[in-house]
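Visitor: Shown below is the structure under consideration.
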Amino acid sequence: MNIPPHLAHLPAPSPEAQALSDELSALIAREIDAAGGWISFARYMELALYAPGLGYYSAGSRKLGEAGDFVTAPELSPLFARCIARQLAQLHGEGLRNVLEIGAGSGALAADVLLEMQTLNCLPEAYCILELSADLRERQRECITRLAPALVGRMQWLDALPAQFEGVVLANEVLDATPAHVVTTRGGKLLESFVKRDAAENTFHWFETSASDVVRHAAEALQLPANGYQSEINLTARALATSFARLLTRGVLLFIDYGFPAHEFYHPQRTRGTLMCHYRHHAHDDPFAFVGLQDITTHVDFSAVAAAAREGGATLAGYASQANFLINCGITELLAQTPASDARAYAPLVAQAQKLLSPAEMGELFKVIALAKNVDAPLLGFARGDKSHTL
């Protein structure tokens with residue numbers, strides 16, 4: 001696929017990466033042709049990110065860190081994982097002795113969580129990772145072996161969700177990368193944005209027509225502005241929240257991601273939605289560029305996630321900004337363990353904490369939501385600053 005002129009300033013893919021992108025583009029083009037000329041954007045996003053062996057998360061390219069396309073909190077600082085571990089430690093005391101991490105990225109979160117839980121004398125009986133990418137699974141194993149070699153024996157990698165689970169399900173920046181439908185209102189009508197291809201130009205482009213029944217039904221409850229309003233509806237994130245809640249016999253779902261309650265997500269002034277792409281640490285809004293070589297995300301509607309989890313039998317146990325959650329879990333106490341007089345060690349930790357906590361960085365945009373099943377204890381991470389009422 002051709003790179004559009006407005007993104008020509010971005011780093012060019014290597015020949016090998018471009019070949020993979022071209023192969024994925026051809027696969028998507030064949031599916032569009034077989035479907036009669038267009039597919040939903042959700043299906044396009046699913047293929048672009050997860051097509052076996054070709055999609056962004058399944059083709060083996062490096063996504064995280066300085067050499068990738070973006071940096072997540074676990075790569076930014078071990079302080080993040082150490083705070084998560086303190087929440088897990090409290091739940092360990094409530095009898096929740098297993099952890100299931102969904103989409104564990106580089107493995108840094110798992111390694112640092114295990115190390116902190118070892119320090120707290122509450123190691124989980126098993127730390128499971130559901131990871132569909134064989135490449136990422138291998139990188140996770142290497143990372144955990146390097147950082148926590150004595151704890152690799154507690155790790156289990158899963159190919160599918162278990163039928164039942166008792167413990168804590170942990171997902172950091174997972175829901176934002178689930179396929180979403182794009183909708184637009186025009187003259188009081190709801191249109192859905194589908195994807196067509198221009199064979200002559202060898203490009204994909206938007207195509208608007210009447211929304212599918214399932215999307216229209218979901219949109220009816222949102223009261224979207226009547227004209228010129230574009231946004232996303234993520235039915236996959238809702239389905240996952242319901243599925244995770246149903247598999248829990250007893251436990252807590254802990255999701256960390258960027259997003260808003262519904263009244264903020266669908267605010268009348270947010271007229272262009274939240275769809276974003278990330279390529280080599282550059283953010284832009286063209287999902288048809290760098291096919292398979294860039295991340296495609298939308299913000300999370302946490303009201304919809306909470307409602308979907310309730311359908312699976314879970315109850316809302318807390319919702320807070322990342323900053324409040326980390327402070328409640330002791331990030332300032334963890335910082336104090338390093339003497340301020342040791343500038344070489346202390347200064348980097350302070351800089352990391354600033355990125356995790358600052359409203360101008362990750363502190364307010366990122367949220368933490370907890371959904372519980374057969375667990376009544378108030379959760380440590382939401383002791384102050386709980387905004388559950390906003391959902």
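Visitor: If we scan region 333-341, do we find a residue that is open to solvent by less than 40 Å² (accessible area, probe 1.4 Å) and without any contact (Cβ under 8 Å) to a residue 24 or more places away in the chain?
Guide: Yes, region 333-341 contains at least one residue that is open to solvent by less than 40 Å² (accessible area, probe 1.4 Å) and without any contact (Cβ under 8 Å) to a residue 24 or more places away in the chain.
Visitor: Here is a follow-up. If you go through region 250-287 one residue at a time, how many are out of contact with any Gly (no Cβ under 6 Å at 6 or more places or on another chain), under 16 Å from Ala317 (Cα atoms) and assigned to a strand (DSSP E or B)? Steps first, please.
Guide: Taking region 250-287 as the starting set, the residues that turn out to be out of contact with any Gly (no Cβ under 6 Å at 6 or more places or on another chain) are 250, 252-287.
Cutting the leftovers down to under 16 Å from Ala317 (Cα atoms) gives us 250, 252-256, 261.
From what's left, assigned to a strand (DSSP E or B): 250, 252-256.
Number of matching residues: 6.
Visitor: Going through region 215-229 one residue at a time, which ones are surrounded by fewer than 18 Cβ atoms within 10 Å (Cβ to Cβ), modelled with pLDDT of 95 or more and touching a Lys or Arg at 6+ places or on another chain (Cβ under 9 Å)?
Guide: none
Visitor: Farther than 26 Å from Glu333 by Cβ, touching a residue at least 12 places away in the same chain (Cβ under 8 Å) and of a type in the set (Asp, Glu), is that true of Glu131?
Guide: On the way: farther than 26 Å from Glu333 by Cβ: yes; touching a residue at least 12 places away in the same chain (Cβ under 8 Å): yes; of a type in the set (Asp, Glu): yes.
Judged against the criteria, Glu131 is a match.
Visitor: Looking only at region 127-152, filter to residues that are over 19 Å from the mean Cα position of the chain (by Cα) and within 30 Å of Glu46 (Cβ to Cβ); which one of those is surrounded by the fewest Cβ atoms within 10 Å (Cβ to Cβ)?
Guide: From region 127-152, those over 19 Å from the mean Cα position of the chain (by Cα) are 127, 138, 141-152; that's our starting set.
When the remaining residues are screened for being within 30 Å of Glu46 (Cβ to Cβ), the result is 127, 138, 141-144.
Details: Tyr127: 26, Glu138: 14, Arg141: 16, Glu142: 12, Cys143: 20, Ile144: 25.
Result: Glu142.
Visitor: Search region 260-278 for residues being touching a residue at least 24 places away in the same chain (Cβ under 8 Å) and polar (S, T, N, Q), and hand back the single one that is nearest to Leu222 (Cα to Cα).
Guide: Thr271
Visitor: Could you grab me the full set of residues in region 288-312 that are in a strand (DSSP E or B) and either open to solvent by less than 10 Å² (accessible area, probe 1.4 Å) or aromatic (Phe, Trp, Tyr) (or both)?
Guide: Let us first name the residues in region 288-312 that are in a strand (DSSP E or B), namely 295-297, 300-301.
Answer for region 288-312, where residues must be in a strand (DSSP E or B) and either open to solvent by less than 10 Å² (accessible area, probe 1.4 Å) or aromatic (Phe, Trp, Tyr) (or both): Asp295, Ile296, Thr297, Val300.
Visitor: Which of the numbered conditions does His281 fail, given that it passes all the others? Conditions: (1) in contact (Cβ under 8 Å) with a residue 60 or more places away in the chain; (2) crowded, with 16+ Cβ neighbours inside 10 Å.
Guide: (2)
Visitor: Could I ask something else about it? With respect to the numbered conditions (1) open to solvent by 10 Å² or more (accessible area, probe 1.4 Å); (2) touching a helix residue (DSSP H, G or I) at 6+ places or on another chain (Cβ under 7 Å); (3) more than 24 Å from Val305 (Cα to Cα), which one is the sole condition not fulfilled by Pro162?
Guide: Here Pro162 meets the rest and fails (3).
Visitor: Would you say Ser58 is of a type in the set (Ser, Thr, Tyr) and either part of a loop (DSSP other than H, G, I, E, B) or surrounded by fewer than 19 Cβ atoms within 10 Å (Cβ to Cβ) (or both)?
Guide: Working: of a type in the set (Ser, Thr, Tyr): yes; either part of a loop (DSSP other than H, G, I, E, B) or surrounded by fewer than 19 Cβ atoms within 10 Å (Cβ to Cβ) (or both): yes.
In short, yes.
Visitor: If you take just the strands (runs of 3 or more DSSP E) that sit entirely in region 117-225, which of them hold at least 1 residues that are in contact with a His (Cβ under 9 Å, 6 or more places away or on another chain) and not hydroxyl-bearing (Ser, Thr, Tyr)? Give the derivation first.
Guide: On the way: elements: 126-130, 155-158, 165-172, 181-186, 189-198, 203-210.
Filter on region 117-225 gives 165-172, 189-198.
Visitor: Would you check which residues across region 317-333 are assigned to a helix (DSSP H, G or I) and more than 18 Å from Val300 (Cα to Cα) and list them?
Guide: Here is the first cut: in region 317-333, the ones assigned to a helix (DSSP H, G or I) are 322-328, 331-333.
Answer for region 317-333, where residues must be assigned to a helix (DSSP H, G or I) and more than 18 Å from Val300 (Cα to Cα): Asn324, Leu326, Ile327, Asn328, Ile331, Thr332, Glu333.
Visitor: Now for a separate question. Search region 108-121 for residues that are open to solvent by 10 Å² or more (accessible area, probe 1.4 Å) and pair each with any residue that is outside any helix (DSSP H, G or I) when their beta-carbon atoms are under 6 Å apart and the residues are at least 6 apart or on different chains.
Guide: Short answer, once both residue conditions are applied: Leu115/Ala148.
Visitor: When region 313-332 is examined, which residues are found to be crowded, with 18+ Cβ neighbours inside 10 Å and farther than 12 Å from Ala353 by Cα?
Guide: Ala314, Leu316, Ala317, Gly318, Tyr319, Ala320, Ser321, Asn324, Phe325, Asn328, Cys329
The values are calculated or read from the model by the stated rules, or taken from the named source; none is laboratory data. Since this is a predicted model, take the numbers as computed values, not measurements. In this analysis, Cβ positions are derived from the backbone assuming ideal geometry, glycine residues included, and neighbour counts consider all displayed protein chains. Side chains included, ligands, DNA and RNA excluded: accessible areas come from the protein's heavy atoms. Shrake-Rupley method; radii C 1.70, N 1.55, O 1.52, S 1.80 Å.
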